[in-house]
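For reference, the structure is listed below as structure tokens.
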Amino acid sequence: TNIKPISRTMESFQLSAEMSADLSVFQTEGEDAWTKLASIANEIADKYTHIYNRMDWHMVALLTWCSPIGWRFPGESDIQRGWLNSLALGDTQTGKSQVTKTLQKLFNAGVFVNAENCTYVGLVGGAIKMGSGQLMLRWGRIPLSDKQLVVLEELSGLSVEEISNMSDVRSSGLARLDKGGINAETNARTRLLCLSNVRNARRNLSNYLYGVHAIQELVGHGEDIARF
């Protein structure tokens, strides 16, 4: 009998004075930003995740979750990219998934995707062939989560080629498709938090002289590593 217009919460959100006052607890008071961030990371470890001696990992996860989509430097008109792509590489049972799952519950934000059960089309999108023989466009999880966060577990489940194919989407924030007469483009400014063990199932992180060597084996190309 009646209707009313709706809009996405993120697009209509406005910060009120009351909310600003509540959030002031996160502002620095006579201390530098690093000290404040360290205190927040330690508090989350003590009260929520119960993963200790991993302050660096807590910080990376927090910064990725809270990274802005973009911002302008004073006096400039161009918007600078703000969303982060982060990689946590480590052995099994070192707190990678535990920290992210706890933060997801705490923030009530972010989705989990297991790369071992997903393809490039499932992550980015592609042209799907219907029963009639026609092609239909279907976007993947990353563009569907524009302005949000995706936790990509078991990144080693993707091949080096598949990770390389995601490079343009990760850097530009745009997913593009040009196949079978379908030309489409959509925003994919998605924060990515990738978790993985080393690619070789018979090795662990201690078998590598430097951690970056394990990352080279996992991700492959230097330009793809640089986007983390």
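The values are calculated or read from the model by the stated rules, or taken from the named source; none is laboratory data. Not measured: the values here are computed from a predicted model. Cβ: placed from backbone, ideal geometry, glycine included. Neighbour counts: every protein chain shown. Protein only, heavy atoms only, side chains kept; ligands, DNA and RNA dropped before computing areas. Shrake-Rupley method; radii C 1.70, N 1.55, O 1.52, S 1.80 Å.
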Which condition number does residue 176 fail, the rest of (1) closer than 20 Å to residue 83 by Cα; (2) in contact with a strand residue (DSSP E or B) (Cβ under 6 Å, 6 or more places away or on another chain); (3) open to solvent by less than 60 Å² (accessible area, probe 1.4 Å) being met?
(3)
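Looking at 199, 203, can you tell me which residue is in contact (Cβ under 8 Å) with a residue 12 or more places away in the chain, farther than 30 Å from residue 79 by Cα, open to solvent by 60 Å² or more (accessible area, probe 1.4 Å) and in a loop (DSSP other than H, G, I, E, B)?
Values: 203 fails: in contact (Cβ under 8 Å) with a residue 12 or more places away in the chain.
Residue meeting the stated conditions: 199.
Of the residues that make up the range 129-144, is at least one without any contact (Cβ under 8 Å) to a residue 60 or more places away in the chain and of a type in the set (Ser, Thr, Tyr)?
In the first step, residues of the range 129-144 are kept if they are without any contact (Cβ under 8 Å) to a residue 60 or more places away in the chain; the result is 129-144.
Now restrict to residues that are of a type in the set (Ser, Thr, Tyr): 132.
Checked against the condition, which is being without any contact (Cβ under 8 Å) to a residue 60 or more places away in the chain and of a type in the set (Ser, Thr, Tyr), the range 129-144 yields at least one hit.
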Quick check: anything in the range 207-222 without any contact (Cβ under 8 Å) to a residue 40 or more places away in the chain, of a type in the set (S, T, N, Q), more than 21 Å from residue 57 (Cβ to Cβ) and not in a strand (DSSP E or B)?
no
Neighbours by Cβ (under 7 Å, 6+ apart or cross-chain): first from the range 50-61, of a type in the set (Val, Ile, Thr); second not in a loop (DSSP other than H, G, I, E, B):
51/45; 51/98; 51/99; 60/86; 60/88
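Taking the stated definitions as given, is residue 1 β-branched (Val, Ile, Thr) and open to solvent by 70 Å² or more (accessible area, probe 1.4 Å)?
Details: β-branched (Val, Ile, Thr): yes; open to solvent by 70 Å² or more (accessible area, probe 1.4 Å): yes.
Answer is yes for this residue.
Can you list the helices (runs of 4 or more DSSP H) lying wholly within the range 10-119 that have 3 or more residues being open to solvent by less than 40 Å² (accessible area, probe 1.4 Å) and either charged (D, E, K, R) or over 28 Å from residue 188 (Cβ atoms) (or both)?
Details: elements: 17-23, 33-44, 55-66, 96-107.
Passing ranges, in order: 33-44.
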Selection within the range 120-131 - assigned to a strand (DSSP E or B) and open to solvent by 60 Å² or more (accessible area, probe 1.4 Å)
129
